[in-house]
Amino acid sequence: MSTLEIKGLVASVAGKQILNGIDLTVRSGEVHAVMGPNGAGKSTLSAVVMGKPGYEVHAGQVLLDGVDLLGMPTWQRAQAGMHLVMQYPSEVPGVDLTEMLAEAYSARGRSTDGLAASVAAEAERIHFPSALLDRSLNVDLSGGEKKRNETLQLALLQPKFAILDELDSGLDIDALRDCSRRVEAATHDSQLGVLAITHYNRLLEELHPDHVHILVKGRIVASGGPDLADQLERDGYEAFTGDEVADEPTSSGSYDDLFAL
Ligand code: ADP
Ligand code: MG
């Protein structure tokens, strides 16, 4: 049993404070959904927890079984058991999936015997076309293929905790179902703890959250059970802030956001 504790996390990017004190505890096998409008700080939270360069932490801790991750480089956080499925998975020309997984296994002291067979079996399970296994990582894959590929990596690496940053963005219904069911299975089979970031209820219909948190303007403004997601669907974010914040255009300045859904 492991615990991921985010305590009083305050962070900024490009001189602008985005996270204004986040407290969140996830235990092995639990699924926590973090929902919030565009620009609320959801991706920033995942970036800060994983140690993406360019983010400044002003206060707080991110503890994995009591050990603060914030002083560690990203690769050490991954070795310690953290995993991020990015909102927009990176393309890595020249590196193929099995090579990358072999490196990751070795870095974790795991044998790579039978890795190719495990990759093939996992690809079949998640409906990732085997013809694409030899491609450079994510290069020229569709949005859905990229997320299936990322989910395949998650399943094989068996981290303690996974952050899914809008796993649902860019996915059709079939891909969404396959990916979210695979993650859900990992929460039972290997007691994976999940922080599922989304602004749609759709993902949660497959990936049943134990807890739902609503993040607005860098703060968790409400926490509850799965019914909170239903309430959000019904009433919108205004019900939680008193402001008109839902459907704000994204202000991240990323062209990728235009293609998010
Ligand atoms: P969400 O994922 O909830 O849509 P983000 O965490 O991506 O929101 O963004 C939160 C805020 O931080 C937005 O106002 C966005 O413009 C800003 N932001 C995020 N990343 C950067 C960056 N690298 N440089 C400047 N501003 C950023
Ligand atoms: Mg985001």
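Residues that are farther than 27 Å from residue 182 by Cβ and hydroxyl-bearing (Ser, Thr, Tyr) within the range 10-45 comprise just one, 12. So is residue 13 in contact (Cβ under 8 Å) with a residue 40 or more places away in the chain, of a type outside the set (S, T, N, Q) and within 16 Å of ligand 2 (Cβ to nearest atom) or not? The answer is yes for residue 13.
If you go through the range 36-70, how many residues are touching a Phe, Trp or Tyr at 6+ places or on another chain (Cβ under 8 Å) and of a type outside the set (Gly, Ala, Ser)? Result for the range 36-70: 4.
Among the residues of this structure, residue 36 counts as one that is at pLDDT below 95, in contact with a strand residue (DSSP E or B) (Cβ under 7 Å, 6 or more places away or on another chain) and within 15 Å of ligand 2 (Cβ to nearest atom). As a summary of the residue check, residue 128 satisfies the conditions (1) closer than 19 Å to residue 149 by Cα; (2) loosely packed, with under 14 Cβ neighbours inside 10 Å except for the one numbered (2). Within the range 137-164, residues that are among the acidic types (Asp, Glu) have Cβ atoms under 6 Å from residues that are not in a helix (DSSP H, G or I) in these pairs: 150/85; 150/89, counting only partners at least 6 apart in sequence or on another chain.
Answer with yes or no whether residue 62 is outside any loop (DSSP other than H, G, I, E, B) and in contact with an Asp or Glu (Cβ under 7 Å, 6 or more places away or on another chain). So that I can check it myself, show each step before the final result.
Values: outside any loop (DSSP other than H, G, I, E, B): yes; in contact with an Asp or Glu (Cβ under 7 Å, 6 or more places away or on another chain): yes.
When the stated conditions are applied, residue 62 passes them.
Every test in (1) more than 15 Å from residue 33 (Cα to Cα); (2) part of a helix (DSSP H, G or I); (3) of a type in the set (Asp, Glu) is passed by residue 205 save one, and that test is (1). It is to be established whether one or more residues within the range 111-120 are under 26 Å from residue 50 (Cα atoms), within 16 Å of ligand 2 (Cβ to nearest atom) and not charged (D, E, K, R). There is no residue in the range 111-120 that is under 26 Å from residue 50 (Cα atoms), within 16 Å of ligand 2 (Cβ to nearest atom) and not charged (D, E, K, R).
The values are calculated or read from the model by the stated rules, or taken from the named source; none is laboratory data. Predicted model, so just to flag it, every value in this text is computed and none were measured. We place every Cβ from the backbone using ideal geometry, glycine too, and count neighbours over all the protein chains shown.
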